[in-house]
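Below is one structure, written out as structure tokens; comments come after it.
Read-outs throughout are calculated quantities, based only on the coordinates presented, and are distinct from any laboratory measurement. Keep in mind that this is a model prediction, so the values were computed, not measured. As a convention, Cβ positions derive from the backbone with ideal geometry for all residues, glycine included, and neighbour counts pool all protein chains shown.
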Amino acid sequence: MVIRFSALGDVAMVSPVVHSLLQCNPHLELVVLSKTLHQPLFKKERGFTFKAAEVRGKHKGILGLYRLFLELKNEEFEAVIDLHYSLRSRILGFFFQLSAYKVHRIDKGRKEKKKLIQLGASRYKPLMHTTERYLKVFEQAGVLFSTKKLHLPKPGKASANTNKLVDQKKQKWIGIAPFAAHPSKEWKTHKVVELAEKMRARDIKILWFGAGQREKAILEKHFYQNNQDILIAGQFKLEEELILMQHLDLMLCMDSANMHMASICGTKVVSIWGPTHPFAGFGPLENEEGIVQADLDCRPCTIYGKLKSEKDGRCARESMEKITVEEVMEKVTLLLKRN
């Protein structure tokens, strides 16, 4: 059994690892335990089962986790793999250990990441990619990965609504996801608006991605142009969004969940990086060429986007301000030519 409760982007990186291991090991059976929201990120295939944890409902708290353990313990797992290593996953793993299950836990490389922030990317080394850390835990459990490259799962589920929209495609499609979990990782609104205008001038259709009613409202107020663009946020389920991402010619986003989701869909991605840095191990799979970032000694000042001081705030602002609309458009143009 594989445990990963965390954020959408982190779980998206589990998906190609699970898919690739199943491809390499025909007799392997994996049960992935995560939040219900994350199920569409995984491809439905032989050997795969998804188990939803209701961490805000019946599985909330220590008693809820014990209830979850009781639901799972009779599955006769050969190993329990903790890819999260949070308080919640450690407690659940402890229950399994008490019942003589072998639990393998991820090494997140926290000391290395702390040193990366202290020294800066210009004076330190690129750290192991998160997907490699995942694979190492499986290796400890005796599950081997036999190829050099991960297989992208391209998850999602088409519907009448997605098919209808795809049938209307007559020009280049670029998805834009201007949001991130932390505001420090978001490019300024006026720059996104200016970039969108340049794209429309080139007869490019823009599809706007976001999560929840708040982001949908912001898109409608500041970014979305009726009769020119397509608003995806709030109109489609996650499983449908993943299908639509596969029909994009390119996705433009921040260091965010949408970056990882588009990547596992096999879509070209241009990603904008400010206070965070790809060296921390969260770069977009097979989309390193599309990374846009400023060369500043202060970067990274955070691993995930949370700022702890005014110094971090200054670094975050400067790192985003230095990235120009022209620079991003140049990268977009380059990658579109290679489609």
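Between the helical axis of 110-119 and the dominant principal axis of the chain, each derived from Cα atoms, what acute angle in degrees is found, rounded to the nearest 10?
30
Using a 10 angstrom cutoff on alpha carbons, build the Gaussian network for the chain and name the most mobile of 256, 86, 20.
For the chain, modelled as a Gaussian network with Cα springs under 10 Å, the answer is 86.
How high is the relative contact order of the chain, given as a whole-number percent (alpha carbon pairs under 8 Å, six or more residues apart)?
18
Where does helix 130-140 land angle-wise versus the long Cα axis of the chain, in degrees 0 to 90, nearest 10?
For helix 130-140, the angle is close to 20 degrees.
Kirkwood Rh and Cα-based Rg: tell me the resulting Rg over Rh for the range 2-140, rounded to two decimals.
0.99
Under 4.7 Å Cβ to Cβ, no partner at all: give me those cysteines from the chain, in residue order.
When partners are defined as cysteine Cβ atoms under 4.7 Å apart, the chain leaves 24, 253, 265 without one.
Can you tell me which of 72, 219, 135 moves the most in a GNM of the chain? Springs connect C-alpha atoms under 10 Å apart.
Greatest mean-square fluctuation among the candidates belongs to 72.
Full-extension gain between residue 225 and residue 74, please, as 0.36 nm times their residue separation minus the C-alpha to C-alpha distance.
So the extension gain works out to 49.0 nm.
Tell me the mean residue ellipticity at 222 nm calculated for the chain from its helices only (DSSP H runs of n ≥ 4, each -39500 (n - 2.57), averaged over every residue, nearest 500).
The helix-only estimate for the chain comes to -11500 deg cm²/dmol at 222 nm.
Report the rotationally averaged projected area of the chain based on its alpha-carbon convex hull, in square nanometres.
It is 17.8 nm².
So which of 114/337; 149/308; 43/149; 60/308 end up more than 27 Å apart, counting from Cα to Cα?
114/337; 149/308; 60/308
State the three equivalent ellipsoid semi-axes of the range 195-255, derived from the C-alpha gyration tensor as the square roots of 5 times its eigenvalues, in descending order and whole Å.
18, 15, 10
Separation of the range 63-94 and the range 178-254 by C-alpha centroid, Å?
If we compute the Cα centre of each part, the gap is 37 Å.
Given a Förster radius of 22 Å and the C-beta distance between residue 147 and residue 29 as r, what FRET efficiency does 1/(1 + (r/R0)^6) yield to the nearest 0.05?
Calculated value: 0.65.
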